[in-house]
Amino acid sequence: MDDRHEPQPSSRDASTDHDVHELIRRRWSPLAFSSQPVADRDLRSVLEAARWGPSCFNEQPWRYIVARREQEAEFARMLSCLVEKNQRWAQAAPVLMLSVARLAFAANDRPNRHALHDVGLATAQLSLQAAALGLGVHQMAGFSPDRARELYAIPDSFEPVAAIALGYPGAPDQLPEDLRARDRGARIRHPQAEFVFAGTWDTPLS
């Protein structure tokens with residue numbers, strides 16, 4: 001029997017100004033996570049989506065460090081890299097990850113100024129594949145790169161980029177009271193006129 005969640009339309013779906021793929025409408029960043037474990041095949045599926053992300057010269061500068069809840073010591077170690085306000089809710093996620101970027105090209109060791117961009121692209125694909133499987137992904141800037149580097153022996157030639165929580169979205173009432181409204185708050189984006197230009201800077205595309 002297939003125990004995957006069948007994604008259903010919900011109030012969290014984005015209200016877009018123009019037509020987009022349903023996975024883009026569906027993807028959001030939950031704070032509340034269910035205790036249901038993420039099956040290995042689904043974890044591998046979202047990481048495979050990251051694997052096939054585009055990158056400059058096909059450098060593939062991304063690395064992911066993964067900790068599952070059932071491996072208690074490993075999970076606690078990863079959780080300890082997060083700032084306290086993120087630990088409060090991320091401790092309920094069944095999977096925590098760190099994305100890491102290789103900062104130089106492997107062929108000549110020259111700086112790769114697109115490395116962080118490319119890691120972001122890979123993680124975007126990871127997030128959309130997660131949405132297709134009914135999983136939620138919440139990426140965090142609130143973590144300690146220095147602690148991550150120390151705990152995981154990350155080389156100086158690599159840069160910790162973001163922390164990531166992965167799992168099935170849970171009920172917001174399991175969250176601390178001050179986080180519940182945030183988990184169900186309105187999803188808002190700037191209009192295209194504020195970031196899509198043509199002809200000259202700050203002139204909206206007509």
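Every number here is computed from the coordinates shown, using simple stated rules; none is lab data. Predicted model, so just to flag it, every value in this text is computed and none were measured. With ideal geometry, Cβ positions are generated from the backbone for all residues, glycine too; neighbour counts draw on all protein chains shown.
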How far, in nm, would the chain grow between ARG44 and THR203 when pulled straight, counting 0.36 nm per residue and subtracting the alpha carbon separation? 52.9 nm
Go through the range 138-145 residue by residue and turn each phi into a ³J(HN,Hα) via Karplus (6.51, -1.76, 1.60, θ = phi - 60°); whole Hz please, and just put x for glycine and proline. 10, 8, 10, 7, x, 8, 9, x
What ranking do 173-182, 120-129 get when scored by the average of other Cβ atoms within 10 Å per residue, highest first? 120-129, 173-182
What residues from the range 89-113 fall in the zone where the backbone N is under 14 Å from a label point 7 Å along the Cα-to-C-beta line of PHE57? 102-113
Given springs between every Cα pair under 10 Å in a Gaussian network model of the chain, which of ALA162, ALA141, ALA153 has the largest fluctuation? ALA153
Please work out which option in (i) 16.8, 53; (ii) 16.3, 49; (iii) 18.1, 56 gives Rg and Dmax of the Cα atoms in Å calculated from these coordinates, and answer with its label. (iii)
Report the extension gain between ARG110 and VAL83 in nm, rounded to one decimal, defined as 0.36 nm multiplied by the number of residues separating them, less their alpha carbon distance. 6.5 nm
Using θ = phi - 60° and the Karplus relation 6.51 cos²θ - 1.76 cosθ + 1.60, list the HN-Hα couplings for the range 116-129 in order, rounded to whole Hz, with x at every Gly or Pro. 5, 4, 6, 5, x, 4, 4, 6, 4, 5, 4, 5, 6, 5
What distance in nm separates the two pseudo spin-label positions at ASP178 and VAL196, each 7 Å out from Cα along the beta-carbon direction? 3.8 nm
Ranked by Cβ crowding within 10 angstrom, fewest neighbours first, how are TRP52, TRP62, TRP201 ordered? TRP201, TRP52, TRP62
Can you give the helix-only mean residue ellipticity at 222 nm for the chain, where every DSSP H stretch with n ≥ 4 adds -39500 (n - 2.57) and the sum goes over all residues, rounded to the nearest 500 deg cm²/dmol? -9000 deg cm²/dmol
